[in-house]
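Take a look at the structure below.
The values are calculated or read from the model by the stated rules, or taken from the named source; none is laboratory data. None of these values were measured; they are calculated from a predicted model. Glycine also receives a Cβ, built like all others from the backbone with ideal geometry; neighbour counts cover every protein chain displayed.
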Amino acid sequence: MSTTTQPTTWDEEAEVVIVGYGGAGAAAAITAHDVGAKVLILEKQPSDTPTVTHHTPNTRLCGGVMLSPSDVEAAVQYFEAMVKAANEVLDDERKALIRVLAQNLAENEAWMEKLGMQWAQNSKEISPAFEGTMIIQTTFDEKGRALTADYPEFPGFQSMTTRFPKTQGALRDGAAVWKCLADNVAKRRIPIMWESPAKGLVIESGEVKGVIAERNGKRLAVKASKAVVLTTGGLEANEWMKQNYLRVYPCHFYGSRASTGDGINLALQAGAALWHMNCFSGRGMIKTPDFAFSCNPMPKGEVFVDKRGKRFARETYRGHAFGLDLIAFESAIMRYPRIPFFWIFDEKRKRAGPIALQNGPCNPPNGISGPGFHPWSRDNEVEIAKGWITKAAGVSELASKLSANPLSEGMMSPSALVETIRTYNSYCHRGEDLDFQRPAFSLLPLEDPPYYAVPLWPGGANTMGGPKRNTKAQIVRPDNSPIPRLYSAGELGSVWSTLGTAGGATGECYAFGRIAGSNAAAEQKWG
């Protein structure tokens, strides 16, 4: 539903109306408020109760790692190299956007600290969710920053430093970041209208004048006398959009189930251009009947194999681009041989801790409780009993079980998997991975029975697609002209595209949230 003329009466009014209350929405609201604007937040999820967490934006569910470049010029080099590596156009427009992104990412840390955010100063203060993982190898400097460059071969990679939230008792990861942001919104008494999804924009003579929301089954007209900022998240919970926009389907995400592409539909009503619609931050995902979890590989004796039972990539993968390795379609056999692929590990990895990353919806300390989320067991026994993990006494038995698994589509030869494990183990004893150059520290043989396997699917934390934005966070039309009084921030139309980097999505939420809030508040009031 969209409205092209002003309603006869307005039910609510503010100068800046924020649609979507996550990290980007909170940053935009705080910034707009602090420069003197009257702000109202519309959020479609319910508020929390004393016993159940209902409001679960991606910021709250994520690991909370924030990209904080140590050098702006080096970061610009790095980001431009990411664009070139993906064969994307690096024109003046893209360069300007990259520079604004780099500058504001570097300023996030001081802004967050003013809000009272506490960062880990060493590896002992970070979440145990990251302990021992192969996705993120953390080396902290004297300032408490960790070098986590996904692409160390790119120029400027030394500037890719990140900050980890300091674990404070049970509060950790994204939940620690979210508490800081939410406390500051509450401190400023910025009103939040819960369970009030936006259904349309009020547009008159090409200008966005407000939002049509729905509350308690009734239509609600909300006037925005300066601007509307869309921060509704991505499309990871919208099956139709995933099937039609992403490069591959199925694709599973552990992020907020409220990310159903609402902001995309709203922006389209105003004539917005879309970009990065086929992009997502990709890795291997565990998919159960009701839940999705990011896998947690460790250097403890494990390999990844395709449906043929053969290794196809380095298991110490790039945590924000591995999804690209999975989407190779083979026309000769009309199959995606790596969707799903299989994670093979032995008893020592099973004993090392949960095979699912313990941030996000599988982590009760993040405040996620009640129905709808599964706390993964420490020893993985609960999930084995549920049948989510295949168990076998020996490699040959495991190979036979996977060969018979319908997910392998009859492509797996038991002897091929046995040979793959034998070859991998020989590399471990040799101390050199001759096939994929996996780091020597991670080469532990699979020699401790029983053996286990779990299918993994492409997916991750979030998508990137949505309305295109400019350096001022204005949503633009296909001709790049800004739509008056309409802004966006966060993963809705993220500036990241084919390649992402550690902490980049979180950092962008605050960077462009601040840009959007500041520019929206600076608009002249209409009417």
Selected residue (only one of Glu447, Glu432 is under 30 Å from Lys310 (Cβ atoms), surrounded by fewer than 16 Cβ atoms within 10 Å (Cβ to Cβ) and touching a residue at least 40 places away in the same chain (Cβ under 8 Å)): Glu447
Count of the stretch 375-393 residues which are in contact with a strand residue (DSSP E or B) (Cβ under 9 Å, 6 or more places away or on another chain) and either closer than 24 Å to Pro406 by Cβ or of a type in the set (Asp, Glu) (or both): 9
Filtering the stretch 491-527 down to residues that are crowded, with 24+ Cβ neighbours inside 10 Å, more than 15 Å from Cys62 (Cα to Cα) and in contact with a Pro (Cβ under 9 Å, 6 or more places away or on another chain) yields Leu492, Gly493
So which residues in the stretch 159-176 are touching a strand residue (DSSP E or B) at 6+ places or on another chain (Cβ under 7 Å) and closer than 27 Å to Glu73 by Cβ? Met160, Thr161, Thr162, Arg163, Phe164
Residue pairs, Cβ under 6 Å, 6 or more apart or interchain, first in the stretch 78-99 and within 17 Å of Ala502 (Cα to Cα) and free of Cβ contacts under 8 Å to residues at least 60 places away in the same chain, second surrounded by 17 or more Cβ atoms within 10 Å (Cβ to Cβ) and among the basic types (Lys, Arg). List them. none
Matching option when the condition is in a helix (DSSP H, G or I), under 17 Å from Ser494 (Cα atoms) and of a type in the set (A, V, I, L, M), among Ala75, Ala27: Ala27
Extreme residue, farthest from Leu402 (Cα to Cα), among residues of the stretch 287-312 that are out of contact with any Lys or Arg (no Cβ under 7 Å at 6 or more places or on another chain) and modelled with pLDDT of 95 or more: Arg311
I'd like to know if the stretch 201-210 contains one or more residues that are modelled with pLDDT of 95 or more and over 23 Å from Lys525 (Cα atoms). no
Based on this model, can you work out whether Val39 counts as at pLDDT 95 or above, of a type outside the set (Ser, Thr, Tyr) and touching a helix residue (DSSP H, G or I) at 6+ places or on another chain (Cβ under 7 Å)? yes
Can you name the condition, by its number, that Arg338 falls short on among (1) modelled with pLDDT under 95; (2) under 27 Å from the mean Cα position of the chain (by Cα); (3) assigned to a loop (DSSP other than H, G, I, E, B)? (1)
Considering only strands (runs of 3 or more DSSP E) wholly within the stretch 432-527, the ones with at least 2 residues that are under 26 Å from Leu67 (Cβ atoms) and in contact with a Ser or Thr (Cβ under 7 Å, 6 or more places away or on another chain) are 451-463
Looking across the stretch 384-401 at residues that are touching a Phe, Trp or Tyr at 6+ places or on another chain (Cβ under 7 Å) and in a helix (DSSP H, G or I), the single one that is farthest from Ile421 (Cα to Cα) is Leu398
